[in-house]
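Below is one structure, written out as structure tokens; comments come after it.
The values are calculated or read from the model by the stated rules, or taken from the named source; none is laboratory data. The shown structure was predicted, so the numbers you read here are calculated from the model rather than taken from an experiment. Positions of Cβ are generated from backbone atoms using ideal geometry, with glycine treated the same way; all protein chains shown enter the neighbour counts.
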């Protein structure tokens, strides 16, 4: 098995090549190799209790996912999915996707949630609100500034809708942080989704 440094570099190089071809499409012949690289990295995670690590906090940029929910955004007619971020602040998490229509109109699709720890690597996630808007009208400049405004409970010029809780307010899913270092995070979700994120 490759050493941790080599594995990480190989994964990042593979994903960077893929994104040059198309942002969110993975050639079928590459999926098995990608999954193997991800699994090998997870076995060498330098953070055995990632939820205790301050490295978890901050803004992460998504490089790769198998999530149907996120990939579905790239199938909206006449719209391209741009960068996707996940910002973690305390027990709050914000998923922010930047979109752009063929007419040049830039938008935001965001979901805010809370999470509760249920182990060394797993959290239970409860989604709370979804936000849809146009970047120009919202004054969107960066994911950090946008999340700061949500944290400050500032009024957002966008469609801002609550997400109904399940019966009894039960969590709507779980997520495991299976690899974490200063610049790379790998997570797996309850629907079998894989997420590879980097901190720039």
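Being at pLDDT below 95, farther than 25 Å from residue 176 by Cα and either touching a strand residue (DSSP E or B) at 6+ places or on another chain (Cβ under 9 Å) or crowded, with 17+ Cβ neighbours inside 10 Å (or both) is true of residue 99. Every listed requirement among (1) on the phi > 0 side of the Ramachandran plot; (2) modelled with pLDDT of 95 or more is met by residue 137 save one, (1). Being in contact with a helix residue (DSSP H, G or I) (Cβ under 8 Å, 6 or more places away or on another chain), surrounded by 13 or more Cβ atoms within 10 Å (Cβ to Cβ) and more than 25 Å from residue 50 (Cβ to Cβ) holds for only one residue in 186, 194, 108, and it is 108. When segment 144-181 is filtered for residues that are under 28 Å from residue 48 (Cα atoms) and in contact with a helix residue (DSSP H, G or I) (Cβ under 6 Å, 6 or more places away or on another chain), the ones remaining, listed by number, are 177, 178, 179, 180. Within segment 46-54, is there a residue that is surrounded by 11 or more Cβ atoms within 10 Å (Cβ to Cβ), touching a strand residue (DSSP E or B) at 6+ places or on another chain (Cβ under 8 Å) and at pLDDT below 90? So far as segment 46-54 goes, no, none of its residues is surrounded by 11 or more Cβ atoms within 10 Å (Cβ to Cβ), touching a strand residue (DSSP E or B) at 6+ places or on another chain (Cβ under 8 Å) and at pLDDT below 90.
Output the residue which, of all residues in segment 123-161 that are over 16 Å from residue 86 (Cβ atoms) and in contact (Cβ under 8 Å) with a residue 40 or more places away in the chain, is surrounded by the fewest Cβ atoms within 10 Å (Cβ to Cβ). Checked segment 123-161; the qualifying residue surrounded by the fewest Cβ atoms within 10 Å (Cβ to Cβ) is 124.
Just to be sure before I move on: is residue 72 closer than 30 Å to residue 10 by Cα, free of Cβ contacts under 8 Å to residues at least 40 places away in the same chain and surrounded by fewer than 18 Cβ atoms within 10 Å (Cβ to Cβ) in the structure I sent? So residue 72 passes the test. Take segment 164-183 and flag every residue that is touching a strand residue (DSSP E or B) at 6+ places or on another chain (Cβ under 8 Å), loosely packed, with under 14 Cβ neighbours inside 10 Å and at pLDDT 90 or above. If the condition is that a residue be touching a strand residue (DSSP E or B) at 6+ places or on another chain (Cβ under 8 Å), loosely packed, with under 14 Cβ neighbours inside 10 Å and at pLDDT 90 or above, then 183 is the only one that fits. When we screen 141, 128 for residues that are outside any strand (DSSP E or B) and farther than 15 Å from residue 51 by Cα, the only hit is 141. One residue is enough: does segment 77-86 have a residue meeting the conditions within 23 Å of residue 160 (Cα to Cα), over 15 Å from the mean Cα position of the chain (by Cα) and modelled with pLDDT of 95 or more? Within segment 77-86, not a single residue is within 23 Å of residue 160 (Cα to Cα), over 15 Å from the mean Cα position of the chain (by Cα) and modelled with pLDDT of 95 or more.
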